[in-house]
Amino acid sequence: MIGAEGAPLRYTLDDYDVSGFLRVAESFGQDRLGYVVTPNIDHFIFLHEDAAFREYYRHAAYVLLDSKLAAMLFLVLKRRRFAVCRGSDLTVALFHQSIRPGDNILVVGGQPAQIQMLQDRHPGVILRHYNPPMGFIRDTREVENLLEWVEASGPFRFCFVAVGAPRQEQVAAALMARGRARGLILCVGGAIDFMTGAQKRAPLWMQASGLEWLYRLIRQPRRLAHRYLVRGPRFFRYLLTDEFAVRPAVPIRADA
């Protein structure tokens with residue numbers, strides 16, 4: 001993913017939409033460890049400007065494009081077509097189509113009431129929850145507590161880390177470096193908030209037309225104005241110089 005110092009960066013994205021990645025996730029198993037990152041436009045800016053964030057991405061097993069707007073820009077400006085697999089949509093699909101009673105599922109982030117809501121909707125699922133304190137990523141002891149909790153709670157089928165970028169990617173990369181956990185980790189941002197109604201998704205027509213960012217900006221202008229209107233336009237500059245490649249989907253064996 002990383003070019004030489006001063007050279008354009010090259011990013012490789014996996015060619016999966018939600019339905020395509022479901023089978024990959026379902027077949028991952030609990031005898032190995034890997035993590036999924038879901039880049040949106042804000043992430044691409046982090047990737048271009050932050051070497052540490054690029055390292056988190058370097059070790060990810062799967063890189064799934066989270067932004068319809070980015071996909072549209074790639075097609076128009078780069079003549080490259082990328083499948084979209086939003087982390088929020090993937091989380092919903094996994095809970096409704098893949099997760100079964102008896103599965104050991106970890107959720108990092110979210111409030112206890114939200115986790116109870118998910119538990120009520122999915123009885124029989126072993127749902128374990130850890131909500132780190134605000135600012136935990138700057139406290140080595142708090143980070144260690146979280147990593148130890150994930151490792152002690154496994155092996156897990158899925159571990160949803162929903163504490164926002166770049167914190168969630170840093171946690172996933174740290175777990176990978178330690179190599180003690182087993183299962184598939186998914187960095188999914190605000191997915192738990194969307195699933196439980198704490199935040200409302202944009203209408204489907206806005207999602208399909210790449211305008212979900214505008215819907216969120218209208219609803220939360222004070223929180224998102226700088227990200228979308230000041231920071232966000234930098235993506236267009238990087239888009240002109242950086243390179244983007246697609247990694248073909250790997251066929252799943254019939255017996256997987």
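Where a number appears in this text, it was derived from the coordinates with a stated rule and is not lab data. Keep in mind it's a predicted model, so treat the numbers as computed, not measured. Ideal geometry is used to build each Cβ from the backbone, glycine not excepted, and the neighbour counts take in all protein chains shown.
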Taking neighbour counts of Cβ atoms within 10 Å as a proxy for exposure, in what order, fewest first, do CYS85, CYS187, CYS159 appear?
CYS85, CYS159, CYS187
Table column - 3J(HN,Hα) (Hz), region 15-32, Karplus curve with 6.51, -1.76, 1.60, x for Gly and Pro
8, 10, 8, 4, 5, x, 7, 4, 5, 5, 4, 5, 8, 5, x, 10, 10, 8
Among HIS129, HIS226, which comes first, second and so on when ranked by fewest other beta-carbon atoms within 10 Å?
HIS226, HIS129
Along Cα→Cβ, 7 Å out, is where each label goes; now give me the distance between the ones at GLN119 and MET72 in nm to one decimal.
4.1 nm
Tell me, what HN-Hα J-couplings in whole Hz come from the Karplus equation 6.51 cos²θ - 1.76 cosθ + 1.60 at θ = phi - 60° for each residue of region 55-65, using x for Gly and Pro?
5, 4, 6, 4, 9, 6, 6, 9, 10, 10, 5
Apply the Karplus curve 6.51 cos²θ - 1.76 cosθ + 1.60, θ = phi - 60°, to the phi angles in region 145-153 and return the couplings in whole Hz, x for Gly and Pro.
4, 5, 4, 5, 5, 4, 5, 6, 8
Express in nm, to one decimal, how much length is gained between GLU142 and ARG231 on full extension, taking 0.36 nm for each residue of separation and deducting their alpha carbon distance.
29.1 nm
Just to be sure I understand the curve: with the Debye formula and one point per C-alpha of the chain, what is log10 I(q)/I(0) at q = 0.17 Å⁻¹?
-1.50
Distance (nanometres) between label positions extended 7 Å along Cα→Cβ at SER27 and SER98
1.2 nm
Name the residue, out of PRO39, PRO221, PRO132, whose mean-square fluctuation peaks in a Gaussian network model built on the chain with Cα pairs under 10 Å.
PRO221
